[in-house]
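Input: a single structure, listed below in structure tokens.
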Amino acid sequence: MTSSPSPSSPPPSSPLKWRSCELALLGFGASGTWLALLGPRRRADLITWNRWLTLGLALSITLFYRLADALPIDMRYLLYSLQQLLYLLTYQLLLFVPFLLAGLLIGTTLVHFSASAPLVYGANLIGSGVGPIMAVLLMYHLSPPRLIQGAALLTWAAGFLWSPLPPESSSRSRQNILALAFGLFLVGDLLLPPPLHLDPQKMLAQLRHWEAQGDARHLLTREGPRGRLDVFASPYLHYTLFAGLTASAPPPPQALLLFDGDSAGPIFSIQSAAEVAILDHTPMSVAYRLAPDARVLLLGEASGANIWLARRFSAREITAVQGDPQIIALFRGPLASLSGHVFTGPALQVSATTPRHFLESSKDRFDLIQVVSAEGMAAGVSGLLSLHEEYLLTVEGMVRCLDRLSPGGLVSITRGIQSPPRDNIKILATLAAALKQRGVARPEAHLAQVRNHLALCTLASSTPLSAEQREKLIRVSNELWLDIDALPGWDPSRKPPFNELIAPPGITGSLYHFAATKIFSADRERFFQDYAYNIRPATDDRPYFFDFFRWRSLASFIEAHGPHWFQRLELGYAVLVISLGQIVFVALPVILVPLFVMMRRPGAGEGRGGAPLAYFFLLGLGYLSLEMTLMQRSTLLLGDPLLAAAGALSAFLLFSGCGSLLGRRWFGSPIPALAVAAGALALLVPLVLPMSGWLVAPVASFCTLGRFLVILILLAPIAFFLGWFFPAGMLLLERRSPHLIPWAWGINGFASVAAAPLAVLLSMSFGFQAVLFGAVGCYLLALALAWKFAVK
């Protein structure tokens, strides 16, 4: 079997740690509280203050990262172990400190030079915009730990830019000596091995344990911007792609490819397809038996196992699509001999792009399209993939698959079975919706599902399954001991099952068969609504195929699993909710309560701060909601999740910085300037999703740089006008209530952090378009608050 997630798209590994980083960003919000509490003292010596903040930031980046990475956090036991809870709180506190120092550094400068807020804010955004692109480029040469250490050294060097004028010799000498000591520590940290804490639940930890026992050999490790690759060989590895009970041949000798510590697929150490006879007994082989001598497309092939499968059934041509060029380079380089040169051959073409992008750009037709990236054990109880958008497994993605089929061709998707079933039901529903979108009145005539005791294979055709195909499928199912859950004209009561599954009372056949009959009936919507899991087809507007969580099922879920409900929960969605709850919980004592107390003190400043602070709160919510949503959407247009994230983030920050700098001439009258910016956003933002969807196919044939420029052109006008709101608001505060400037900085930071998980939650529940409209609403309301504050 292969294992999800596929290395064609980075998995959200350790999601609670990942979301804890968002909580750590509350350091920016807390910095506003500190600045307000310090009051005028922060202006006493800006140069010295900022120099020590910079050096402290450099030290905390590398030191606290090492300490945080060493904590053995296991989120599955978070609700049951006080020790695990303390680990998590310590982890968040360690990451909180660097962001607090960075927030103090930026906030102090912004408060001190509040009259020049557009210049300071714009320069900060432009520098931040350069960061993502630099990080991606450096990750081709440095591992993530080394990149963090490099960032610490760069920050340390920046500390020397804060030089007292004129220099005071005695004080300056002491500062320089201590600063050089910090630098020596950072250089010494570079000489130590980079930190690597292994999640004990990952396959990499198990294989390291085998290696220590002499039961496995570590062959190689490669690190790149898309993730870490490891290869281990062991006689105890027996991955066999869901081979059924009819298999008599042994698994071939093999190694295992790991992506970020998780299994990405077996590497068969063979020289010919004759050595993998066991593949004849897998559910994936069914499609090859129905489409002999086929032109085959393998979407997301990672380890070469399915190339051997295609060769085993004499495929005429094979096209393998893999989104990580580093994997292809491994199989054509150091792993070539071990893998039997599986990624080379006269009838094989390999494309280094994401599956969805290949479908959008290719005009070729195929007899068989195997969606390899979806293969593996079902999402299961962890639900960690639910945070990850997957544009291939949407209705639109399946439409593209069907469009690329030759007449009578098949799409094949195989996933492990689970109880209660959800993955394979959602796959069937998605394919049925895709056929409907192509104008098919009876999608059930185009679909079939067969399974053994391990996995279920869903087959779809752009044309109705022929009588010959249906008869052959029945014959193959009998030969391989497969049960048929969906097939035109099939009655499961015709024969006893080979692999019986428990079904609710009153249901004939398996629950998969019952689900298929409902999906093909007029009761489809009622079935989706009443099912315990979210099995509605994913779309490009809500591309979260692995999101199965439903609030309405939570109570029955807790009742069914008792005290172990959290360990059995679809954790991806739960992590988002926990993160948002933690952000609000931490913000109360750190930001909101001190703000409330200080605002009620005598002499706190003239005027009430509700309107201006609400203004900056809305800016934080709106900006991050737009940024997160359009960053996720850019993946569809660019075809590379990594470059899309870096490009969209850089575009937002760079052009927002330009907007802040170039818009200064209009900030003398902030309200008219804000009205222009708000009107521009109200016109531009609703158009960006339809335009990006329309452009996917036309720009798919562009080179990477061309598609990157298209993203910049789409995002630049929006980001430019977004850059007007913060500095214009700061200028209003500087004129009317300068005492509120630190609080505005803190409130904006809090809202920005809260917006990150909130935007994903809303996208999963209502779609990208709804989040974008909500973000525009935030800016329109912010305009009204600014007008109220200005005319008061």
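The values are calculated or read from the model by the stated rules, or taken from the named source; none is laboratory data. This structure is a prediction, so every number in the text was calculated from the model and none was measured. FYI the Cβ positions are ideal-geometry reconstructions off the backbone, even for glycines, and counts take in every protein chain you see. With ligands, DNA and RNA removed, areas are computed over all heavy atoms of the protein, side chains included. Shrake-Rupley method; radii C 1.70, N 1.55, O 1.52, S 1.80 Å.
Length gained on full extension, THR90 to LEU761: 239.0 nm, using 0.36 nm per residue less the C-alpha separation. Under the criterion of Cα pairs below 8 Å and six or more residues apart, the relative contact order for the stretch 392-536 equals 24 percent. Protection proxy ranking, highest mean first, for peptides 46-59, 325-338: 46-59, 325-338, where packing is the per-residue count of other beta-carbon atoms within 10 Å, averaged.
Extension gain GLU559-ILE133, at 0.36 nm per residue separation less the Cα-Cα distance, in nm?
Details: separation 426, 0.36 × 426 = 153.36 nm, distance 4.81 nm.
Difference between extended and current length: 148.5 nm.
Stretching the chain fully between LEU662 and LEU712 yields a gain of 16.2 nm (0.36 nm per residue, less the alpha carbon separation). Modelled spin labels at GLN529 and ARG494, positioned 7 Å past Cα toward Cβ, are 3.5 nm from each other. Calculated mean residue ellipticity, 222 nm, the chain: -18000 deg cm²/dmol, from DSSP H runs (n ≥ 4) at -39500 (n - 2.57) each, averaged per residue and rounded to 500.
Pairs of lysines in the chain whose Cα atoms sit within less than 23 Å of one another amount to 7, provided the residues are eight or more positions apart or on different chains.
Within the chain, DSSP assigns beta bridges of which about 65% are antiparallel (rounded to the nearest 5). Rolling a 1.4 Å probe over the protein heavy atoms of the chain, with every protein chain left in place, gives an accessible area that is 65 percent carbon and sulfur.
Of the peptides 86-93, 300-307, the order by per-residue mean of other Cβ atoms within 10 Å, starting with the highest, comes out as 300-307, 86-93.
Assuming R0 = 60 Å, can you tell me the calculated FRET efficiency for the pair GLN201 and ALA123, based on Cβ-Cβ distance, to the nearest 0.05?
On the way: r = 44 Å, r/R0 = 0.73.
Approximately 0.85, to the nearest 0.05.
Extending 7 Å from Cα along the Cβ direction at LEU780 and again at ILE47 yields two label points whose distance is 5.0 nm. Think of the chain as a dipole: +1 on every Lys or Arg Cβ, -1 on every Asp or Glu Cβ, centred on the Cα centre; then among THR62, LEU237, ALA677, ALA677 lies furthest on the positive end.
Among 95-104, 751-760, 119-128, sorting by the average number of other beta carbon atoms lying within 10 angstrom of each residue, highest first, gives 751-760, 95-104, 119-128.
The residues of the chain expose, per residue, 39 Å² of accessible area to a 1.4 Å probe. In this Cβ point-charge picture (+1 for Lys and Arg, -1 for Asp and Glu), the chain has a dipole of about 1800 debye about its Cα centre. The residue list PHE773, THR414, LEU705 was ranked by how far each Cα lies along the charge dipole of the chain toward its positive end, using unit charges on Cβ atoms, and PHE773 comes out on top.
What is the chain's relative contact order, in percent, from Cα pairs under 8 angstrom and six or more apart in sequence? Display every interim value, and only then the final one.
On the way: 1410 pairs, mean separation 131.5, N = 792.
Once divided by the residue count of the chain, the mean separation gives 17 percent.
Say the dipole of the stretch 303-360 comes from +1 at the beta carbon of Lys and Arg and -1 at that of Asp and Glu; which of PHE343, GLN322, TRP308 then lies farthest toward its positive end? Value: TRP308.
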